[in-house]
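Below is one structure; the comments refer to it alone.
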Amino acid sequence: MPVIECDVDDARERLEAAGVAVDSGNTEHERWRASREGATAVAYEDKVVIQGETPRTLESLLREGGGRAHVYFDGASRGNPGPAAIGWVIVTSEGIVAEGGERIGRTTNNQAEYTALITALEAAEEYGYGEVHARGDSELIVKQVRGEYDTNNPELREQRVRALELLSSFDDWTLEYVPREVNDRADGLANEALDQG
């Protein structure tokens, strides 16, 4: 449940400018409420709390743009190819800003890794970060995107191009390989999504 400390009047104006309907609060402590895509933002004196299963869209509208984020990503496939899922986490100096895990159908492990990276970068872009440092435990994907390895598979080549497009949209970026234990939250989200299928 994201909590955004902010000027709630400015936050309301930002939501209304984006076409989100803002209603009165339900209690004397709530300044206003706004809902979109399965999430509800509730404003209090100096903060907005976002509830619901998909807070990403509302949160991206309410957070100030710029700043640096660390993005962790992981993909998992059981069978290779087989049922697959992704997990991703966005972390700043304030802690975990956003995270997600979902099944993506039947793919190879490498396709799942790319999908996780792309999804995480799209989320970071939506949140308006100016600088992103992406980290994953797939050395192959990291080295392909950085141009250290060739990408022979046409589907992976297409995903590599998309990942590079997203990375280039940031003012500054890095992409590095990290051991699985450093990437445990994203790995856990991917495996939880697989287990729920």
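Within the chain, what percent of beta bridges assigned by DSSP are antiparallel, to the nearest 5?
Working: 35 of 47 bridges.
Counting only bridges with both partners in the chain, antiparallel ones make up about 75 percent.
State the three equivalent ellipsoid semi-axes of the chain, derived from the C-alpha gyration tensor as the square roots of 5 times its eigenvalues, in descending order and whole Å. Could you put the intermediate results ahead of the total?
Numbers: eigenvalues 224, 64, 37 Å².
Ellipsoid half-lengths, sorted descending, are 33, 18, 14 Å.
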Problem - Inter-label distance for Val3 and Thr40, nm, one decimal - labels placed 7 Å from Cα along Cα-to-Cβ - result: 1.9 nm
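Express in nm, to one decimal, how much length is gained between Glu176 and Thr54 on full extension, taking 0.36 nm for each residue of separation and deducting their alpha carbon distance.
41.1 nm
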Fill in the blank from the handout: For the pair Ile96 and Ala17, the simple spin-label estimate (label points 7 Å beyond Cα toward Cβ) gives in nm 3.1 nm
Practice task
Could you check how much of the accessible area of the chain is carbon and sulfur, as a whole percent, using a 1.4 Å probe?
Solution key: 41 percent
Exercise for the section: Using the Cα centre as the reference, give the magnitude of the dipole from point charges on the C-beta atoms of the chain (Lys, Arg: +1; Asp, Glu: -1; all else neutral), rounded to the nearest 20 debye. Expected result: 680 debye
Handout entry: Mean Cβ count within 10 Å, highest first, over the residues of peptides 139-151, 81-93, 171-183
Key = 81-93, 139-151, 171-183
Fill in the blank from the handout: Stretched fully, the stretch from Ser24 through Lys143 gains (0.36 nm per residue minus C-alpha distance, one decimal, in nm) 37.8 nm
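The values are calculated or read from the model by the stated rules, or taken from the named source; none is laboratory data. Keep in mind it's a predicted model, so treat the numbers as computed, not measured. We place every Cβ from the backbone using ideal geometry, glycine too, and count neighbours over all the protein chains shown. Note: areas computed on protein heavy atoms with side chains; ligands, DNA, RNA excluded. Shrake-Rupley method; radii C 1.70, N 1.55, O 1.52, S 1.80 Å.
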